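Every number in this text was worked out from the coordinates using simple rules, so none of it is lab data. In this text, all values refer to a predicted model and were calculated from it rather than measured experimentally. Neighbour counts run over all protein chains shown; Cβ positions are idealised from the backbone, glycine included.
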Amino acid sequence: MDLTLWPLVSQSWPDLCVAVELVERLGWHGVMVEDHFMADGSGFGAVSDPRFEVTTVLSALAVATNSLRLAPLVMSATYRHPAVVANWAASVDHISGGRLTLGLGAGWQINEHEQYGIEMGTPGERIRRLDEYCSVVRSLFEQSVTDFNGRFFELSNAWCEPKPVQDRLPLLIGGKGDRMLRLVARHADMWNMWAMPSKFAERSVVLDQACDHIGRDPATIRRSTQALVCLTDSESDARSFLDAAGGRAAFAGTAKQFADLAAQWHDAGVDELVIPDWHLGSGAQRAESIEAITAALQA
């Protein structure tokens, strides 16, 4: 099972780079970065905290790294036009030497849409928009020209050059509902959701069924998940952290206990485990946490 870092984009750029450099040196698989302009007010980070923008971060990391797989987790189809994203992605694929995975999602965070005056639409509309979005991006990547006449997007004799370095630049789709999983089955090379092992296994079965329904081999979809992680030897601190998580997938405990949980994720079918660094500490403490996780999972 591969390990991928999700660095906090509200930390300083030098601090973010230190974490990325460390996981590359330790042989981790990749780095994923969120596409949000502010926190959602759920308790982990203030809405007013400054944060870096995802396309800028990944473009810089394409130059600053050599082996790590790079991906947005995930770009919202509500505020980024697919043709613009396709051109950006193809360029970063060249800059990185073919290390980009393009993560896409339907969009969900209300406050950033409200602040910027961007319409979200109903859940059904967002899923239908993402469906068209994936078709447009894939066509721009693989066809010489693209004509598309949909409800949300229209392209006429459109081109996207240069094409990506990869013969098939992977699309990652984040989501967990039945309709989203049917969309994953149609378009995605990789699937992601927040989940503990039992929930991931349950949703993975639904994805398998969606693949079977359209005649796709479920094994052709790479699967990833993440949870908040806090390393601590204190049972009371662990309980407080999990209470503060508010139901979001989260772990608090020792590195050995985390390794035991990671084994359960692996058994549930997880190919790639994404670890946010948000609660691993800062400076030397964060480095110790990352090194402890690496050692425990390699033991």
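So the values come out like this:
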| quantity | calculated |
| --- | --- |
| Unique match (being on the phi < 0 side of the Ramachandran plot, touching a strand residue (DSSP E or B) at 6+ places or on another chain (Cβ under 7 Å) and either free of Cβ contacts under 8 Å to residues at least 60 places away in the same chain or not in a helix (DSSP H, G or I) (or both)) among Ala219, Ala259, Ala210, Ala238 | Ala238 |
| Residue list for region 190-199, filter: closer than 15 Å to Met1 by Cα and assigned to a helix (DSSP H, G or I) | Pro197 |
| Selection from region 150-164 of residues that are surrounded by fewer than 16 Cβ atoms within 10 Å (Cβ to Cβ) and either touching a Lys or Arg at 6+ places or on another chain (Cβ under 9 Å) or closer than 18 Å to His187 by Cα (or both) | Gly150, Arg151 |
| Single residue of region 59-80 satisfying the filter (among the hydroxyl-bearing types (Ser, Thr, Tyr) and in a loop (DSSP other than H, G, I, E, B)) that is surrounded by the most Cβ atoms within 10 Å (Cβ to Cβ) | Thr78 |
| Candidates Val206, Val270, Val274, Val229 - the one that is out of contact with any Leu (no Cβ under 8 Å at 6 or more places or on another chain) and among the hydrophobic types (A, V, I, L, M, F, W, C) | Val270 |
| Which numbered condition Trp191 fails, given (1) touching a residue at least 40 places away in the same chain (Cβ under 8 Å); (2) buried (at least 22 other Cβ atoms within 10 Å of the Cβ); (3) of a type outside the set (Val, Ile, Thr) | (1) |
| Given (1) more than 22 Å from Leu73 (Cα to Cα); (2) in contact with a helix residue (DSSP H, G or I) (Cβ under 9 Å, 6 or more places away or on another chain), index of the condition Phe241 fails | (2) |
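Residue by residue, here is whether (1) within 18 Å of the chain's Cα centre (by Cα); (2) among the β-branched types (Val, Ile, Thr); (3) crowded, with 16+ Cβ neighbours inside 10 Å holds:
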site	(1), (2), (3)
Thr4	yes, yes, yes
Pro7	yes, no, yes
Ala19	yes, no, yes
His29	yes, no, yes
Val33	yes, yes, yes
Gly41	no, no, no
Pro50	no, no, no
Val57	yes, yes, yes
